[in-house]
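S.K.: Quick one: structure below, then a few questions.
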Amino acid sequence: DAFAPSAPTGWSTAVTKSIAFLGTAGIYYKIAGAAESSTVAFTMVNAGSLSILSILEYTGTSQSISLDKTASNTTTASFTHSTGTTTTTTMAKELAIATIMHEKKGVSSTGWSNSFLEQEAVMDPDANPDQPSLGVSHKILAATGTQETTWTVATSADSVGCIATFFG
């Protein structure tokens, strides 16, 4: 992926998806150790690209967590933006993480579908006029099945989204 950032040593790429004029949405992960540094540095491959980075930490998960399923999607000129749909998950109890990057800054969100809970929304109305908005959500799964979520926002535009599930 020509627009994806270069992840730091020890991090793995779950899934990325790009739109040339917007950039890359992606999910990266790492099993953190007890003495893990709180500093993380991703390197942008395309120096002229705009960047939004959200880092989440989950506790109480297994130290042997494994990536299971992924999907990605591009949505064009819409108010509702999809992550794409995974194939059926391997385990009943998994963690699903979703991210969607929206072309417009300062959009207001009306929520996520399929019981996904918003973890972060970066939608600064005072940001660079070309700065995209970013939404991140998660869901603790209770049964196997395909996974997908949509993020509905008040401004129609293009977006790119990703979803990944993990078990362990």
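S.K.: Report the net charge of residues surrounding PHE116, where surrounding means a beta-carbon distance below 14 angstrom and charges are Lys +1, Arg +1, Asp -1, Glu -1.
M.R.: Values: positive: LYS139; negative: GLU94, GLU118, GLU120, GLU148.
Local charge sum for PHE116: -3.
S.K.: Within the accessible area of the chain, what % is carbon and sulfur when the probe is 1.4 Å and the other protein chains stay in place?
M.R.: 50
S.K.: Can you check what the net charge comes to around THR83, using other residues whose Cβ is under 12 Å from the Cβ of THR83 (Lys, Arg +1; Asp, Glu -1)?
M.R.: Cβ neighbours under 12 Å give a net charge of +2.
S.K.: Among TYR58, THR87, ILE31, whose Cα lies farthest out toward the positive end of the dipole of segment 15-95, if unit charges sit on the beta carbon of Lys, Arg (+1) and Asp, Glu (-1)?
M.R.: THR87
S.K.: Continuing with the same structure: Describe numerically, in nm with one decimal, the distance between label points set 7 Å from Cα along Cα→Cβ at ASN114 and at LYS93.
M.R.: Spacing of the two 7 Å Cα→Cβ label points: 2.2 nm.
S.K.: May I ask you to order 17-28, 137-148, 81-92 by the average number of other C-beta atoms within 10 Å around their residues, highest value first?
M.R.: Order by mean packing, descending: 17-28, 81-92, 137-148.
The values are calculated or read from the model by the stated rules, or taken from the named source; none is laboratory data. Predicted model only: the values in this text are computed from it and were never measured. Here the Cβ is made from the backbone with ideal geometry for all residues, glycine too, and neighbour counts use every protein chain on show. Ligands, DNA and RNA are excluded from the accessible area calculation, which covers all protein heavy atoms including side chains. Shrake-Rupley method; radii C 1.70, N 1.55, O 1.52, S 1.80 Å.
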